[in-house]
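The values are calculated or read from the model by the stated rules, or taken from the named source; none is laboratory data. Computed from a predicted structure; not experimentally measured. Please note: Cβ atoms are built from the backbone with ideal geometry, for glycine as well, and neighbour counts cover all protein chains shown. These area figures cover heavy atoms from the full protein model, side chains too; ligands, DNA and RNA do not enter into them. Shrake-Rupley method; radii C 1.70, N 1.55, O 1.52, S 1.80 Å.
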Amino acid sequence: MPEELSKLNFRTLTPFQRALMVADGTVTKFIEAYTLDPVEIIRLNQKLYPLDEDHPWLEAERGTNVMFREVIIRGVYSHTLYVHGVSYIVPDRLPPDMRQRLEVQGEGIGRLLNEAMMETRREVLWFGREKLTDPPREIANVSNGEFITRAYRIIEGGKPIVMINERFPVMADVLPKHH
């Protein structure tokens, strides 16, 4: 667990937040079902670069090309910020069609994996609380920078294909409203 994270007490979380921490399916599908608010994925940053050192969570050696991707997931109707996501993807471990859709269209990783019918498993690496000191503008405008966070990797064929860090705002006004 990264040292900037503080411990997370599950008893202090709402049922929605607890479910987000342990969900092992696509987070977007869960959020849409819970909130009745379709979500949109907005790509903030994406770049391909060679690793300058070995990456143990991706089991990738120095020099391996990795795609860094940063997105926010927000409600289409409510514009509620639900997730700030950062992922590291090993494109050479993906089918060419999936790689192309990620690079060009910026689609959600979970949905792409489901559509490709890849047999994958998810492995949770850590979870906790964190305070972002310099969040992207799109987050700073709607958040106080406090998040509950989790990181996991998706493994296919015995090799990690992606490592994802998902941050969920702690602020009460970003939690789903019940009618």
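Counting heavy atoms of the protein chains alone, D54 has an accessible area of about 100 Å² for a 1.4 Å probe. Taking every DSSP helix (H) stretch of at least 4 residues in the chain, weighting each as -39,500 (n - 2.57) and dividing the sum by the residue count yields a mean residue ellipticity at 222 nm of -6000 deg cm²/dmol. Between A60 and H55, the built amide H atoms are under 5 Å apart, and every one of these is 5 or more places off in sequence or on another chain. The heavy atoms of S6 offer some 60 square angstrom of accessible surface to a 1.4 angstrom probe. In this simple spin-label approximation, R62 and T12 carry label points 7 Å from Cα along the Cα→Cβ vector, and these lie 4.0 nm apart.
Set against the labelled values (i) 29.8, 92; (ii) 16.0, 52; (iii) 20.2, 73, Rg and Dmax of the Cα atoms in Å computed from this structure falls on (ii).
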